[in-house]
Each structure stands twice: as C-alpha cells, then as structure tokens.
Amino acid sequence: MSLLMQINFNGEPVFEQVFNLAPNAIALAGIDGKIGKVNEAFTQTLGYSQQKAAEMTLEQLVLPEDFQSFRTCLEEAHLQNERNHELEIRCIPNNESLIWMSIKFSLVRDGNGDPHYFILHLTAISPPKGKEQKLEGIDDWYDLIFKNAQDIITLVNPDGTIEYLSPSICDLLGYDPEELIGKDSNELNHPEDVVMLQSAILSDQPTLTYRARHKNGTYVWLETTTKLIHDAEGRLQKILGIGRDVTERKTYQDSLAEAQHIAALGSWEIDFLEEKISFSEEFYRIYQISKSDLPSDPTALVMLIHPEDRGQFQTFINQAKQLSQGPTSLEFRNLQSDGTVKYMQIRVSVLFDEEGKPIKMSGTTQDITERKKAELNLQESVERYTSLKKYNHDAVISLDVKGTIINTNDMAAKLTGFSISEMRGENISKFIGEQNVARILSGVIEDATAERHINAIKHKDGTEIEVLATIAPIIINKKNVGYYVIAKDMTEQKTLLIAKESAEKTNKAKSEFLAMMSHEIRTPMNGVIGMTDLLLHTTELDEEQKEYVRIIHKSGNSLITIINDILDFSKIEAGKTVLQQQAMDIRDCISETRDILFAKAQEKNLSIDISVSPKIPYTLIGDYDRIKQILLNLLSNAIKFTYSGGVSIVVENGMSENKRRQLLFTIKDTGIGIPKEKLEHLFNPFYQLDSFMTRKSEGTGLGLAISKKLVGLMDGDIWVEHTDELGATFVCTIWLKEHEQAAALTPFSIGEDMIKQRPLNILIAEDNEINQITLRKMIEKMGHNTSIAENGNQVIRALAYESYDIIFMDIRMPELSGVEATKQIKANMPPEKIPFIIAVTANALMGDREKCLEAGMDDYISKPIKSGILFEMIEKYEKKLLHARG
C-alpha cells in the first residue's frame, strides 16, 4: 500500500506538503461522495475556493448526464477492491463553463480493510471534446503522459532513506519505485555531488542541481526543488523533493561555458530595477576573482579597471545607458590581483522601457591580451623601422618593381643633395645609372652581384660619391613588391683605410725596431748574466763581493724579464703568436712550474699545494710552454703578494666536445687580497697591482695581460673569484685537444747504468767575444771540451776536420749566418755524423724559433743564457747521445 493511502484527513505535515505542491488538481472525497479537501491546483483549475469546494459533493461537481457513469465507476472500485480507475467526464467549474476532465481515482481503505475515502486526480482536457470525439487509444496516450511526466516526487527521511518515489522515476532513471523505496538516496547520486547535496540540504537551499545515476549506469542531470518538513517542535521529519530532467539544458550550459573559456569570453547582466548583477563562471576566471570576493555594490567593480582607464570606461557605460545609439564596445586595461595588466574588450546591449529608461544591460568581456600584445609588437616594429630608417647613418631608398623611388631617409637626401620630396617619384637610375637599375630589377633575389656594381651615387652638383651598396628585396605575402637600396658613404672609410695602411707600416717598423733592440740588448746582457753566474758558482768571493754580484745578476734578470714581457705582448697584440701543438702531460707542466718558483716560496716559508683531478687524461695536445708561462705568471704573482700561509693549484676536468677537453685551473693564495676597485684594471696592460701599495717588486705589469690573451688564444677565460676568505683566487680555463691514442706517451728516460762519464766535444759558433768567453767558461766548468767558430764558414770547416757532439749555433754571424750554415750541414753531411745543433739567438720575436727548426736545428735557446738552462740543454742531448750509442 502506498504512503498516500495511509494518510487520513487530519492533515499530517508530510501529506500536506505533497498535497499542496502537486501540479495536478487533487480532491479527497468520502464514500458518501462529499468533498472533504482540495489542493491549490484544484482551486486554480475549477475556480472554487477550498472552503467552497469543501461544502460540495461530487454530484454537484459533475454534469448530471455524466454523473451516472462516474457513480458506477465509484461503486465498481468499492466492490472490486481495485486501486486505480480512470474516466473522462464533464465537470462544472465555478464559472459554469463546462470542462472536460480526465479523472483518476483510488479508493483508500483503513486498517481493517474498510473503505475510507477516495483520492481523485483531475486533469483538464484541452481542447474540450466529448467521448464520441475521443481518439482510438486515448487511454494509452494519457497513461503515457502520466508515466513520462517531467517532475519526480520524492520523499526522503533525514538519514537519506527513500520513502516515496513517483512513477515518473521509471522513465527518467529506469527504476520502478519499489526498487528504490527503503534504500539510501545517496547511492543514487553521483559521488562528486554527495557532499554538496548534504551541505545544501542542511542549509535549506531550495533548488539543487546534481547528477543521478540511471539504471544503465549513465548519469542524468536533475534540478530539484526541496522542502524541509519539520514537526511542531521544529525537528526535521521529511525532505520533499520535486525534480525534473535538465540534462539537455546543463549540456548546453556546459558547452556555452566551454566556448566562453576557449574564447576567454565572460558574460554578465545588470538588472537596474532590482539592482542585481550576475556573472558567468568565465568572468571570474578572466578577472582572477572568486565569487566571495565580488563586491555587493556593482559600482565597486570599477576597481578591476586600470586607474588610467577608469574615466573613459565610466564615460562608455554612461553613453551606453542613453537611448540614442552610442558605442557598443570598448578596449581597456584590467589590473589583476597579482599586479599584472591584461587587455579586455567589453561589448554591451541595453534594454529600455517605454519611457527610454534602461531596464537591463547585458554584455560580454573578452580577454584580448595576446591579440593586443601582437598589435603593440607590430606597432613597435613599425616605430623601430621608422626610427631605424630615419636615424640610420646609411642612405636607405625604397623602390617599387619598376625602380621608382617610394621613400627615402635624411641620409639619402644628404648623400644626393636632393630633398626627400624631390626624390620621391624619381627613377633610381638618375642616381645609380640605368644599367645598375636593370641588374636590380632582373633578379636581385637570386643574384647578389648587382649590388657590387653600384660603387658610386651621383650628387646634385654632378659629382660622384663612392659608396658601398646593399640590395634587399621587399617581400609582402610571399610576393616581391620592391627593393631597398642601402648605400654607405665610403669617403670617411677610405680615409680610415689610408690611415690603417699607414699604421700597419708604422707597426712593421716598430716590430723591426723591437727585433733589433732585442738583439742589441740581449747580446751584452748575455755577458753580464753569464759572467755573474760564473762568479757566483765558480769563484771564491767574500760575502760583500757575493752581495754585489747578486745585485748585478738580479738586475740583469729583471731587465731580461721586462724585455721578454714587452716582446711577448707585442707579438700577441699583433696577432702573430701561434700556439704549438704537442703531446704533453699537464701534471709535468704544473710540477715544472712549481720547481721554478719553489726557491722563492721557500724564502718566504710558503707552501705550494697541487691537486690534479684523476679524470684528466695523462696525454693531451697543446702548447706546453705557453701553459707554463700562464701558470708562472699566476703563481709568481700569488707568491709575490703572500707573506704567510701558502699557495694552492687545483686542476679540474671540465667539458668535453669535438675531441677537445676543457681544463679548469684555480690558483688560490692566503695573501693580502685584491681591493674590489682594482679588479676592473687587473688584466689591463702595464697595470701593476702593487703600484697602489708599497712598491716592493719590479716588473712591467704585463704578466696578467699576457696571461689573459694567451688563455683567449686557447679558447678559455680568466677571472678573479670573490670569496670571503683571505687572499685572492684566480680561475682560468683552457681547451686542449684530446690525444688520439689511448695510451699515454712514455717519457724518454735513460737508466743510470747507461750514463757514461765522458766529456762531450762542443762547438761554440759565436761572433761576439764576450759571449764566446761566457759560453766556453760555462761549458768547460761542466767538464766538456769546447771549440770556437766566429762565423758559419768556420763552422763548416771545423766539421770537416773534427767530430762534434753539439753545436751551439748563433743565428746572426758575419759571412754566413747560423741558419744558412745549418742548411748546408744538413744537406752535405751524412746523417749519422751531424751533431745536435742548438740555435742561440738574441732575437725573441715571432718566427725566430720556427725559422730555426725549419732550417734543421734541433733546439732553441735565447740570450742571455743562464748556466742552469745551458746545463739542462746539454744534459738533454747527452742522454740522447748515450741512448743512440746503446
């Protein structure tokens, strides 16, 4: 038995809500036919008030001709115990105009099974018609309408249990009401909507939109009006819901929202009469605001507009509210909550009443930031081009495809003597000749040679000005619509070219002067340093004499260092320094650098720590001497300005690409450090770091400048790192080639048992008497035999009469130079009898070493010659001689 059949006339709250909210006319009548109660829909359909209807009987409501059949149906329902009956009769409304009604009624019995009362559902049939007009199958038609009604009536307990469902649930969700009655209503709802529904119900929200599961597993969107039913004490008893299928509408709304999102288009509406404003979801997203942040006063929305645009925005809105047609769109800037600016476009439509007053304004707001940025970029490009053309130092002339001048700039007017207006419309042939125009128009896009023929432009006074021309096509929509002729006035450049040639000649003279000065200074310095070296190591001197000799020796070395730095820097500046590529182990290079400076470090009780990454290959290709020169400069500077602690060298493995490897050197000291204001000058030539301090050391100030340029030749860089620690930290990188063979080179070595104690026979080829004496004394003190030759011819004659192990060959000698003498020796003597030839020269410029090696010489040393270097050179070739003898 349904719930409605259990309810009596006493007006239980649940029944009252269902009864009053039902969309169809309902009447409750006793077994005697007296009407007891009617709902609101009954009074609206038949025009009787509820009080008047309660005083009537069914016989008074039905046309007498139809009442007999109606009464028969009521009696059959009473006798046969059938629940639902239906028939069509004519009813007498309050206005006495007959209405055809479809009446469905059920007999309600009490707990003992006795007849209690009738429930009648009355539906007007429009247009009115008699039974004789009823179409075949009309019963099935009305039954179909009843079962497919849009509205679903639900009654749910506070705990969510379903107590009642109207039959329309079957068509909407595929369930029979009996399948769901007694079950939890949340099982029917989409999981994502459950929390929302529960909170909305508790907040007494009247209308809910949510998804309900169909029996086939799909979901249907429902819009349900709810009513909370409380008892006399205010406790929640039931939840009544009347809902309908809004899936199609929701799909449309979602599609509209998606379209608005894609177009970045938000919609809105203002109701001026009710002072309400509503927005679409996309509106909130565009403006990055939440619904809770939206001001209640619509006028406060002006804060969303950029302050500079608020005035024109307000003017736009005011004009739109006028009846006369005003502007319908406006672009403005929006100031976002995070401080960024967006560009918006608003479009409006206003509805006016009969008196011309605005009733409602609706519109859209679209985010046009990307489009606006593109427009601004285009405008900027145009402005940049215009500015570039106007202020360009070259003449810029634009032509059409016939060679007619379209436009030009001020420089073109200056170059030709004609004003811009005078040049417009003229053919370019007037300035560059008809042949050049023909070349341009015949196919400049494919052939760039046309611009090479344009080497002059005619001036208004008849003269020709030398130019360097460039031709560029003007392409619009993939079509060539004209050309640019860009001409550079070469008058100034020609003057500079002459000056450059003059400077090159001067530079060449300077190089020759440096070469001469190098030779002239090194030759006497060889005697000074050589003799002081001998005095210190071979002569009995008292301490005072030794001090004097040391001063002479130190001064000579300082002078040579200055000369070397100046020559090195000059060669690098002239771009004449060529790096030597040889197999090397960077560890040997670092160790040798440390050994050279170890004595200076010991004098100051400084430590020198070395750390080389094991990942660095033992064999790389590079300029061993130049790398050593860089390290010597950096390490000697570190020692110079460090008075306690020590210096460290760390070498790390860097990047590797194209068979090249990068090495990272870090030289760190615990010295006095470098003031920040001096860092920018540190690598400048002739800048001495200690010049701003107490000057305690000499030098040219070229060491770091030379190091920077050498590092640059090796594709690296050098800089000073800022640290909070004591001292200074220099970092440099260089690139070296990777060795093709995997195995490292095996250094040449001679076992102790191979060294034979016998004096070498050494020939000294030197024309300077002081240098002869110096070299002879040094070599003889080492235990070897010497002979003297004053020119190349004497060298050749000496070799004809005696065998020599080593020749120290001066490059510049009278009659026959050392280079020419070497060439003759290599060409005429058997290879096994040719001694090792070591070049000795006072020259130290670019190409000296190469010339010596190309002539066949085995090695190279420069003057002044120090005993230590001479000893190393003799020892090197002594080992080779012993190795050759086996």
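Where a number appears in this text, it was derived from the coordinates with a stated rule and is not lab data. Computed from a predicted model, the values in this text were never measured in an experiment. Cβ: placed from backbone, ideal geometry, glycine included. Neighbour counts: every protein chain shown.
Net charge around Asp184, counting only other residues with Cβ within less than 15 Å of its Cβ (Lys, Arg = +1; Asp, Glu = -1)?
Value of the local net charge: -3.
If each residue of separation counts as 0.36 nm, what is the full-extension length gain between Lys458 and Ala438 once their alpha-carbon separation is subtracted?
Gain on extension, Lys458 to Ala438, equals 5.5 nm.
Assuming 0.36 nm per residue, please report the length gained on full extension of the stretch Lys880 to Glu544 beyond their Cα-Cα distance.
116.8 nm
When the Kirkwood hydrodynamic radius is evaluated over all pairs of different C-alpha atoms of the range 805-885, what value in angstrom, to one decimal, is obtained?
Radius from the Kirkwood sum: 13.2 Å.
Between Glu725 and Glu872, what FRET efficiency follows from the Cβ-Cβ distance if R0 is 56 Å, with the result rounded to 0.05?
0.90
Fully extended, how many nm does the chain gain between Asn95 and Glu854 (0.36 nm per residue separation, minus their Cα-Cα distance)?
Full-extension gain reported as 259.9 nm.
Using 1/(1 + (r/R0)^6) with R0 = 41 angstrom and r between the beta carbons of Lys357 and Asp231, what's the FRET efficiency to the nearest 0.05?
Calculated transfer efficiency: 0.25.
Per residue, what volume in Å³ does the convex hull of the Cα atoms of the range 392-489 enclose?
Values: hull volume 8.5 nm³, N = 98.
Hull volume over Cα atoms, normalised by residue count, gives 86 Å³.
When only Cα pairs under 8 Å and 6 or more residues apart are kept, what is the percent relative contact order across the range 392-489?
Across the range 392-489, relative contact order equals 30 percent.
With a cut-off of 13 Å, note down the residues of the range 32-74 whose backbone N falls inside the zone around a label point 7 Å from the Cα of Ala124 toward its beta carbon.
41-48
If R0 is 30 Å, what FRET efficiency do you get for Ala499 and Ser429 from their C-beta distance, rounded to 0.05?
0.30
Just rank Arg849, Arg347, fewest to most, by other beta-carbon atoms within 10 angstrom.
Arg347, Arg849
Over all alpha-carbon pairs of the range 29-111, lay out the pair-distance distribution in 10 Å bins, whole %, shortest bin first.
For the range 29-111, the binned pair fractions read 17, 52, 28, 3, 0 percent.
Scan the range 53-122 for GluC sites (Glu not before Pro) in coil per DSSP, keeping those whose Cβ has at most 12 other Cβ atoms within 10 Å, and list them by number.
Filter output for the range 53-122: Glu55, Glu82, Glu96.
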